[in-house]
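Here is the structure we will look at, set down as structure tokens.
The values are calculated or read from the model by the stated rules, or taken from the named source; none is laboratory data. Model, not experiment: these values are computed from the prediction. Don't worry about glycine lacking a Cβ; one is built from the backbone with ideal geometry, like all the others, and counts go over all protein chains shown. Note: areas computed on protein heavy atoms with side chains; ligands, DNA, RNA excluded. Shrake-Rupley method; radii C 1.70, N 1.55, O 1.52, S 1.80 Å.
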Amino acid sequence: MAAWTSAYSQTWEASTEGRASPLHLQQDGCLSAEQLVSFHRDGFLVIEGFATASEVEELRRRAKELVEGFDPATRSVFSTKSQAITTDQYFLESGNNISFFFEENAFREDGNLRQDKALSINKIGHALHDADPVFRRFSRSQKVAQLAQSLGLQRPLPVQSMYIFKQPKIGGEVRPHQDSTFLYTDPPSVVGLWWALEDATRTNGCLWVAPGSHAKGVARRFLRTPDDKVAFDKDVDYLQLFNKDEFVPLEVPSGSLVLLHGANVHFSYENQSGKSRHAYSMHVIEGAPSHKYLPDNWLQRKGEFQFEPLDCTST
Ligand SMILES: O=C(O)CCC(=O)C(=O)O
Ligand SMILES: [Fe+2]
């Protein structure tokens, strides 16, 4: 086991000694029965080596290109602390396209960027998996479809994707939250697929998850109001519901996939280190008629791209 192993996965490894690797996919590209048990028990699962080095490289290169082609005059700041900033039209429309969100601390008081735009962007979202050919290819690859199916999704439907930079020094904190808050289906079905595109460590702001937190259900929703604003339906302080010491760090090497149950509570600290922590994340729901994607979710598709399921015909 490499030096990456977090406190959590060491425990896992010890308790599964002698069995097939709990940290890798099976040869057939599916999750093992043990991995499924672990995912449903804990609300998350780490799979190392899911993306190859060349896939990681390709996604990183493409993100770099997208940023190079972006004109920072059209600016929007991403903040999980103050959602008010994200209520603008740019945010709402980003569910349909490729939009760029700056780090909160990217700007000087005079409004100019502190550093190069390539080191100032918090994330790109939220339709990379549909609107960009390179992200589309990876997101809709057979191995991703197979993984989604092996999680039990009948009609895996990706609804949101993000390239997250977690920039050196200014990479913002992501406050504790549940992904189903933002992409609610009735009944809930969201699974987050989060790929490390660089080694993620405690130093550069890895994910922290509360094992078992999904069992308490989804605490609140983030809604699009009838006048096209966004708001939470209630105030929830996750750190009152969970102690900080219930969270474990997921220190994972580049190429790892972290699966997050939609009700899992997770967060990441700001990145105070000099190293970035790039990640690509895609949220998938059950797209079968048994599950309804609610019309008051903030992310609604209009125009060119409609939601489109992963192609499971060849898996
Ligand atoms: O990358 C992070 O720090 C948080 C990402 C996240 O919350 C997600 O992808 O659901
Ligand atoms: Fe999340």
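Observations
- Inside region 160-171, residues that are open to solvent by 20 Å² or more (accessible area, probe 1.4 Å) and assigned to a loop (DSSP other than H, G, I, E, B) make up a count of 3.
- Sole residue being more than 14 Å from ligand 2 (Cβ to nearest atom), part of a strand (DSSP E or B), surrounded by fewer than 23 Cβ atoms within 10 Å (Cβ to Cβ) and in contact (Cβ under 8 Å) with a residue 12 or more places away in the chain, chosen from Leu157, Leu153: Leu157
- Residues of region 175-189 that are within 9 Å of ligand 1 (Cβ to nearest atom) and among the hydrophobic types (A, V, I, L, M, F, W, C): Phe182 alone.
- Filtered residues of region 164-194 (kept if more than 14 Å from ligand 2 (Cβ to nearest atom) and under 12 Å from the mean Cα position of the chain (by Cα)): Phe165
- Residue selected from region 245-260 under the condition in a loop (DSSP other than H, G, I, E, B) and within 18 Å of Ala63 (Cβ to Cβ), by the criterion farthest from ligand 1 (Cβ to nearest atom): Gly255
- The set of residues from region 197-215 being away from ligand 2 (no atom under 16 Å from the Cβ) and not hydrophobic (A, V, I, L, M, F, W, C) comprises Glu198, Asp199, Thr201, Arg202, Thr203, Asn204, Gly212.
- Any hit, region 149-157, residues being farther than 20 Å from Arg301 by Cβ and either within 17 Å of the chain's Cα centre (by Cα) or near ligand 1 (Cβ under 9 Å from one of its atoms) (or both): yes
- Condition met for Val218 (in contact (Cβ under 8 Å) with a residue 24 or more places away in the chain and open to solvent by less than 40 Å² (accessible area, probe 1.4 Å)): no
- Exactly one residue among Thr203, Thr225 is open to solvent by 30 Å² or more (accessible area, probe 1.4 Å), closer than 22 Å to Ala51 by Cβ and of a type in the set (Ser, Thr, Tyr), and that residue is Thr203.
- Residues in region 261-315 that are part of a strand (DSSP E or B), out of contact with any Leu (no Cβ under 8 Å at 6 or more places or on another chain) and within 16 Å of ligand 1 (Cβ to nearest atom): His261, Asn271.
- Criterion (open to solvent by 10 Å² or more (accessible area, probe 1.4 Å), modelled with pLDDT of 95 or more and more than 20 Å from the chain's Cα centre (by Cα)) met by exactly one of Pro309, Pro253, Pro289: Pro289
- Pairs, first outside any helix (DSSP H, G or I) and surrounded by fewer than 20 Cβ atoms within 10 Å (Cβ to Cβ) in region 27-43, second of a type in the set (Gly, Ala, Ser) and at pLDDT 95 or above, C-beta under 7 Å, six or more apart: Cys30/Ser150
- Considered as a group, the residues in region 172-211 that are small (Gly, Ala, Ser) and assigned to a loop (DSSP other than H, G, I, E, B) include one that is modelled with the lowest pLDDT, and that residue is Gly172.
- Screening Ser276, Ser268 for residues that are crowded, with 16+ Cβ neighbours inside 10 Å, within 16 Å of ligand 2 (Cβ to nearest atom) and of a type in the set (S, T, N, Q) leaves exactly one candidate, Ser268.
- Qualifying residue in region 167-174 (condition: within 15 Å of ligand 1 (Cβ to nearest atom) and among the charged types (D, E, K, R)): yes
- Restricting region 223-248 to residues that are within 15 Å of ligand 2 (Cβ to nearest atom) and touching a strand residue (DSSP E or B) at 6+ places or on another chain (Cβ under 7 Å), the residue that is farthest from Gly172 (Cα to Cα): Phe232
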